[in-house]
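Scroll down for the structure; my scribbles are underneath it.
No value in this document is a laboratory result; all are computed from the given coordinates. These numbers come from a predicted model, not from an experiment. Cβ: placed from backbone, ideal geometry, glycine included. Neighbour counts: every protein chain shown.
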Amino acid sequence: MSIPPPAVADPFEAERARLQALAYRMLGSMADAEDVVQDAWLRWHRLGSDGQAGVARPAAWLTTVASRLALDRLKSSQRQREEYVGPWLPEPILTDGDPALAAELAESLTIGFLAVLERLGPVERAVFLLADVFAEPYSTIAPVVERSEEACRQIASRARRAVREERQRFQPAAARRDDLVHAFMAACAFGQVDDLRRVLGDDVVLVSDGGRDLHAARRPVIGFHRVSRLLRNLTARMPADARVDTHEVNGEPGLVFSRGSTTLLVMAFEVRAGRIAAIRLVLNPAKLGRVATAARTQPSHDPPLLHS
């Protein structure tokens, strides 16, 4: 699934969205992705008009530069990821009102999918994304990771096997997903365990990312009873003036909990077989600034609901 460049005169601007999409999937951080794109822009413009004219395939050149920059950042962040307190989840982004993004790369955008990519090494992640998500030829991928084309094919094959079972095979209809989220909100707001049982899978998994400073479950919470108990406690601890709005989060149904202009947490739901199979909570304030800004400009799907 590749992103076709828009028809604009500047080769860099034609590739900007694609480069940012790639860098975000590599790094799990939109701020870092923007830095990568900015660095790629600087390198492109340092070539000057004569140097740019000498680049036979600007898109491939820019992809190589941005991929190398992202790969270097990913390698340098491995120690931080290893020392991260509790589960690490990517920075969430709101995708409301962006049908092109959802249609083109929705599968590789979900928080669950990006979390699966964390299990790959930096080179595996780069090769897999470039080959399978962005449809780059191995002739382009090889110089990025400094491997032969044949080695890249083998790396891609290993990475493909590693994530295959984790990839969601069935996308429920949007109306069904919305119904589940509405029922979930009502069940949490009114403390109805039986209603929660109708929307949560028996083996539902809840993963929360609070970082070092916020209290969150340090390990995944598994099973209906444990997850429902945690959700009841979470709802009870919410400030009385908090609100929750429905949004699309990384291409999946989600909720944004806020108080005034501050985003408290973001939930993203993975739906399988008509029920919520996974809930991913991002509470780390360092990852919520962009959501707070976007939520003020992107209308919620429904009126807020939290406390009865």
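At-a-glance table
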| read-out | value |
| --- | --- |
| Cα-centred dipole magnitude for segment 31-93, charges only on beta-carbon of K, R (+1) and D, E (-1), debye, nearest 20 | 260 debye |
| DSSP-loop chymotrypsin sites (Phe, Trp or Tyr not before Pro) across segment 40-86, with at most 16 other Cβ within 10 angstrom | TYR84 |
| Acute angle (nearest 10 degrees) that the helix 149-164 long axis makes with the longest principal axis of the chain, alpha-carbon atoms | 10 degrees |
| Sparsely packed GluC sites (Glu not before Pro) within segment 32-90, loop by DSSP, other Cβ within 10 Å at most 14 | GLU83 |
| Where a label projected 7 Å from the Cα of ARG219 along Cα→Cβ would reach, residues of segment 66-93 with amide N under 20 Å | 82-89 |
| Cβ-placed point charges (K, R +1; D, E -1), dipole of the chain about Cα centre in debye, nearest 20 | 900 debye |
| C-alpha long axis of helix 11-27 to longest principal axis of the chain, angle in ° | 50 degrees |
| Counted charge near ALA156, where neighbours are those whose Cβ lies closer than 13 Å (Asp, Glu -1; Lys, Arg +1) | +2 |
| Relative contact order, percent, segment 174-297 [alpha-carbon distance under 8 Å, six or more residues apart] | 25 percent |
| Computed magnitude of the charge dipole of segment 37-157 (debye, nearest 20; Cβ of K, R +1, Cβ of D, E -1) | 400 debye |
